[in-house]
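The values are calculated or read from the model by the stated rules, or taken from the named source; none is laboratory data. These numbers were taken from a predicted model, which means no experiment stands behind them. Cβ placement follows ideal geometry from the backbone for every residue including glycine, while neighbour counts extend to all protein chains displayed. We work out accessible area using only protein heavy atoms, side chains counted, and drop any ligands, DNA or RNA first. Shrake-Rupley method; radii C 1.70, N 1.55, O 1.52, S 1.80 Å.
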Amino acid sequence: MPHAIRRIKARNLRRSLRSFLKRPVVIILLLLISPLLIGGCGQVITKPTATVIIPTATVTPARETPAPTASPTATPIPATPAPTETPTPEPTPIIHTLQAGDTLIGLARKYGVTVQAIQEANGITDPRGLLVGQQIIIPTDPEARLSAGTPTPEPTPPPVDISPLVFWEQPDALWALGQVTLTGAEAVEDVVVQVDLLNDEGGVIASAQAPIQQDMLAPGESAGFGLQFTPHPAPFVSYATRIISAYPAHLPFYHRNLSIEHILAREIGESVYALTGEVVNRDADAATAVHISVILYDDAGRVTAVGRTSTDPPELQPGEIGIFSVELLPTHLPVADYRLLAEGQRRLSSHE
């Protein structure tokens, strides 16, 4: 019985096995593992696999090719922008405060303008009416400038003689009177005299400066000057005189073709000396700022008074007559002699 059971179990096992082996998955597994099962049974001789020799390419180092140099390319120059016009500022006039010794000619030379421009800017008809401390306008517009030329060199002392001085005591001031005579051959202008009062050791106690009474000094001419020391200086032992300013005269500027006629000179009272007369323009050009310079002398030839006055009218047309009148206070009377000189100015063109 047990034997029959074992055969039944064996038969059933074989059926189950056949049924299992018929499945597709099992068939695939057998195919995959069959070579392994065969190899396990003995030596497997396989066909030797051909060795494939793959030639190794010899690598030649690449020759370094220099990078091409780029040809220089012209850089375009940017266009220069047109300059922007700057508006020209209006010229600003200069304000000058008059100092002792200032003259219109000297100021014109200093600032490089014409005397006429200064006169017109300030309404000046008689320059002798100007006062120390007064402010005047120096025009700077192109029309007022002097014509271009060689700058005037610094003046050298001209050959002049300065006469001995006469001192006149006043309660609050001291006056010094004298004259200069040009001994050289060239006319000068803007002549200014300085007087130094000295003590017994030669030290300067006081100094004063003043222009001569004439604008221009011609060769051989004499012109008076008067200086005032204010306040009254301390007592002095001696004095020294010198010319501190003188320039070669610009002759076309001056009008000298003027004659003085019908002079009347007289003493008024015990201290006043009066002169009156006429001035005639003998030239074909008008004369402006016409004035008379006066020097009075005593019998020893010493200067006792100096003065200057304008004609009426101050501008004389060709052939026109102007009158003048001046009263002076000489240091002492009587007056032995006098000297009068008339001069004026011309209206210059731009090229003169």
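Only one of the numbered conditions (1) modelled with pLDDT under 80; (2) more than 30 Å from Thr241 (Cβ to Cβ); (3) of a type outside the set (Gly, Ala, Ser); (4) loosely packed, with under 15 Cβ neighbours inside 10 Å is violated by Gln135, and that is (1).
When the stretch 328-352 is limited to residues that are closer than 22 Å to Thr125 by Cα and at pLDDT below 95, the one that is least open to solvent (accessible area, probe 1.4 Å) turns out to be Gln345. In the stretch 148-169, of all residues being of a type in the set (S, T, N, Q) and open to solvent by 60 Å² or more (accessible area, probe 1.4 Å), the one that is modelled with the highest pLDDT corresponds to Thr156. Considering (1) in a strand (DSSP E or B); (2) open to solvent by less than 30 Å² (accessible area, probe 1.4 Å); (3) of a type outside the set (Gly, Ala, Ser); (4) at pLDDT 95 or above, the lone condition that Val192 does not fulfil carries the number (4).
Out of Asp299, Asp312, one residue alone is closer than 16 Å to Pro127 by Cα, without any contact (Cβ under 8 Å) to a residue 60 or more places away in the chain and not hydrophobic (A, V, I, L, M, F, W, C). It is Asp312.
Residue count for the stretch 224-239, restricted to those that are loosely packed, with under 13 Cβ neighbours inside 10 Å and within 23 Å of Asp161 (Cα to Cα): 2.
Would you confirm, using the coordinates I've provided, whether His291 is part of a strand (DSSP E or B) and on the phi > 0 side of the Ramachandran plot? Against the criterion (part of a strand (DSSP E or B) and on the phi > 0 side of the Ramachandran plot), His291 does not qualify. For residues that are more than 24 Å from Pro314 (Cβ to Cβ) and in contact (Cβ under 8 Å) with a residue 60 or more places away in the chain, scanning just the stretch 258-276, find the one that is least open to solvent (accessible area, probe 1.4 Å). Only one residue fits best here, namely Ser271.
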